[in-house]
Amino acid sequence: MGLISTWNKKVKNMDIWDIGLTKLAVFFGALCIVSLVPAILFLDWYVFLIIGIIASIRPLYKFLKD
């Protein structure tokens, strides 16, 4: 059994609170990285928008596929 399939089984046991808290932890982890590397803040806003759109293509496709 591969690592990804093991993680997929574990994610199925999570409820909405667990997923929300995971998102919150990732958000504050990103804030920590930004505070350690302040040069990231000097990127233009559209760079973050492009990265966000690219990162959301696959999940949105899988969500809207059926």
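Screening the range 33-51 for residues that are loosely packed, with under 10 Cβ neighbours inside 10 Å and of a type outside the set (Val, Ile, Thr) and picking the one that is modelled with the lowest pLDDT gives Leu41. Applying the criterion of being part of a helix (DSSP H, G or I) and surrounded by 10 or more Cβ atoms within 10 Å (Cβ to Cβ) to the residues of the range 10-22, the residue that is nearest to the chain's Cα centre (by Cα) is Thr22.
Results for (1) surrounded by fewer than 10 Cβ atoms within 10 Å (Cβ to Cβ); (2) in a helix (DSSP H, G or I); (3) under 16 Å from the mean Cα position of the chain (by Cα); (4) not basic (Lys, Arg), shown as yes or no for each residue.
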{"site": "Ala30", "(1), (2), (3), (4)": "no, yes, yes, yes"}
{"site": "Ile54", "(1), (2), (3), (4)": "yes, yes, yes, yes"}
{"site": "Arg58", "(1), (2), (3), (4)": "yes, yes, yes, no"}
{"site": "Tyr61", "(1), (2), (3), (4)": "yes, yes, yes, yes"}
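The values are calculated or read from the model by the stated rules, or taken from the named source; none is laboratory data. Predicted, not measured: the structure shown is a model, and the values here were computed from it. Every residue, glycine as well, gets a Cβ built from its backbone with ideal geometry; the counts of neighbours run over all protein chains shown.
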